[in-house]
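The values are calculated or read from the model by the stated rules, or taken from the named source; none is laboratory data. Given the structure is predicted, the values throughout are model-derived calculations rather than measurements. With ideal geometry, Cβ positions are generated from the backbone for all residues, glycine too; neighbour counts draw on all protein chains shown. Please note that ligands, DNA and RNA were not included when accessible areas were found on the heavy atoms of the full protein model with its side chains. Shrake-Rupley method; radii C 1.70, N 1.55, O 1.52, S 1.80 Å.
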Amino acid sequence: MRRLRWLCATTALAAGLAGCGGGDSHGRKVPKVEGQPLVQAASKLSQAQYLVDIVIVRGDPPRNTVLKQDPEGGSEAKSRTKVKLEVSDGVKKK
């Protein structure tokens with residue numbers, strides 16, 4: 001298993017966004033990104049002012065697809081909270 005960490009600013013740059021903006025102390029809904037390509041998922045989370053923690057795991061194709069997220073999409077969390085994404089390596093489980 002490979003583990004990658006992306007902070008909001010890094011993700012924002014990769015997605016061509018302006019940046020993270022300030023945080024707030026109020027909870028907001030975490031975007032649901034399961035089943036989406038990693039770049040799209042990271043961009044959505046970054047735009048919503050969340051940090052992204054990526055773990056590459058063994059998973060069926062397509063490669064770089066978000067298999068699981070924590071906290072779950074639709075739950076409430078403060079901005080700048082880390083959202084852990086388990087992302088498929090595209091290799092079928094035996």
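Distances between placed amide hydrogens fall under 5 Å for residue 82 paired with 51, all partners being 5 or more residues away or on another chain.
Just to confirm the filter: which GluC sites (Glu not before Pro) across the stretch 38-92 are DSSP coil and have at most 14 other Cβ within 10 angstrom of their Cβ? Sparse-neighbourhood loop GluC sites (Glu not before Pro): 72. Our coupling estimate for the stretch 51-58, obtained by passing each phi through the Karplus curve with A = 6.51, B = -1.76, C = 1.60 and θ = phi - 60°, is 8, 10, 10, 10, 10, 7, 10, 5 Hz, Gly and Pro reported as x. With all protein chains kept in place, the per residue accessible area of the stretch 31-76 amounts to 50 square angstrom at a probe of 1.4 angstrom.
Computed about its Cα centre, the charge dipole of the stretch 51-94 is approximately 200 debye, with only Lys, Arg, Asp and Glu carrying charge at their Cβ. Computed from backbone phi with θ = phi - 60° and the Karplus coefficients 6.51, -1.76 and 1.60, the 3J(HN,Hα) list for the stretch 71-82 is x, 5, x, x, 7, 9, 7, 5, 4, 6, 6, 6 Hz; x is used for glycine and proline.
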